[in-house]
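**Student:** Below is a structure I'd like to ask you about.
Here, each number is a calculation from the coordinates, and none is a lab measurement. Owing to the predicted nature of the structure, the values given are computational and were not obtained by experimental measurement. Here the Cβ positions follow ideal geometry from the backbone for every residue, glycine too, while neighbour counts run over all protein chains shown.
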Amino acid sequence: MKIISSDDVLARLKQHYTYTERRGDPFRVLISTILSQRTKDENTAKASRALFQKFGTVEKLAYADIKEIEPLIRPAGFYHVKAHWIKEVAQQILNHFHGEVPCDVKELLSLKGVGRKTANCVLVYGFGIPAIPVDVHVHRIANRLGLVSTKTPEETEIELMNLFCRKDWIPINHLLVTFGRDICKPHTPLCGQCFLADICITGQNASQ
């Protein structure tokens, strides 16, 4: 059985998927990532567009009425809870960070509804700061490939940070998530079509 190499995995992912570093407004990245929790990307996009059309700044969202926020973000699901979260986040940013989204992990984690995945998304997609956002999909794929053997996304993040050079951290989330949607699906991975099958633990076992 071949031993998987993180450098080989990254090289192959880059051959198959294009990654162009993109940087959005940190506030919008933050709020959209909170809205994305436990919902599909298309629902997040719809809710985010409606929300930012009406409350596009920290100040506007901080002073918005919850009853006005809820219908705008309803497509994202759990809109009662998320409406309170994002309003409180806007208030925290306004009151404690002079209206600017912090670019420090510890400060981001102090915000309502923000965990490590969301904080790292803000660093990567809002500030262009190297980090590895790990959600359940990245966690699953990294373990399935055999890159890591971990029980939680937090453990996976640490292991991936040790495996990959810091200069390569930024595209990892995008590449693995795209790979997961395309081939390494949650319940029915397409091992027979996978360009990593020959070095993947799961793929090699499936071919035996």
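**Student:** Any idea which residue in the range 122-157 is nearest to the chain's Cα centre (by Cα), counting only those that are acidic (Asp, Glu) and closer than 26 Å to ASP198 by Cα?
**Tutor:** In the first step, residues of the range 122-157 are kept if they are acidic (Asp, Glu); the result is 135, 154-155, 157.
Then drop every residue that is not closer than 26 Å to ASP198 by Cα, which leaves 135, 155, 157.
On the way: ASP135: 6, GLU155: 15, GLU157: 12 Å.
Checked the range 122-157; the qualifying residue nearest to the chain's Cα centre (by Cα) is ASP135.
**Student:** Continuing with this model, one more query. Among the residues of the range 16-45, count how many are assigned to a helix (DSSP H, G or I) and free of Cβ contacts under 8 Å to residues at least 24 places away in the same chain.
**Tutor:** So the count comes out to 4.
**Student:** Test GLY146 against the stated conditions and say whether it is farther than 25 Å from VAL81 by Cα and in contact (Cβ under 8 Å) with a residue 60 or more places away in the chain.
**Tutor:** Yes.
**Student:** What about GLY146, is it touching a helix residue (DSSP H, G or I) at 6+ places or on another chain (Cβ under 8 Å) and at positive phi? Give the steps one after another, and end with the answer.
**Tutor:** Values: touching a helix residue (DSSP H, G or I) at 6+ places or on another chain (Cβ under 8 Å): yes; at positive phi: yes.
Against the criterion (touching a helix residue (DSSP H, G or I) at 6+ places or on another chain (Cβ under 8 Å) and at positive phi), GLY146 qualifies.
**Student:** Out of all the residues in the range 124-179, which are in contact with an Asp or Glu (Cβ under 8 Å, 6 or more places away or on another chain) and among the β-branched types (Val, Ile, Thr)?
**Tutor:** ILE132, VAL134, VAL148, THR150, ILE170, VAL177 - these are the residues of the range 124-179 that are in contact with an Asp or Glu (Cβ under 8 Å, 6 or more places away or on another chain) and among the β-branched types (Val, Ile, Thr).
**Student:** Taking only pairs six or more apart or across chains, which ones have beta-carbon atoms under 6 Å, a first residue in the range 61-73 that is surrounded by 18 or more Cβ atoms within 10 Å (Cβ to Cβ), and a second residue that is assigned to a helix (DSSP H, G or I) and among the charged types (D, E, K, R)?
**Tutor:** From residues that are surrounded by 18 or more Cβ atoms within 10 Å (Cβ to Cβ), the pairs are ILE73/LYS82.
**Student:** Further, regarding this structure: What is the residue count in the range 179-193 for residues that are surrounded by fewer than 18 Cβ atoms within 10 Å (Cβ to Cβ) and out of contact with any Lys or Arg (no Cβ under 9 Å at 6 or more places or on another chain)? Give the derivation first.
**Tutor:** Applying the first criterion (surrounded by fewer than 18 Cβ atoms within 10 Å (Cβ to Cβ)) to the range 179-193 yields 181-182, 185-188, 190, 192-193.
Still in the list and also out of contact with any Lys or Arg (no Cβ under 9 Å at 6 or more places or on another chain): 181-182, 185, 187-188, 190, 192-193.
Qualifying residue count, the range 179-193: 8.
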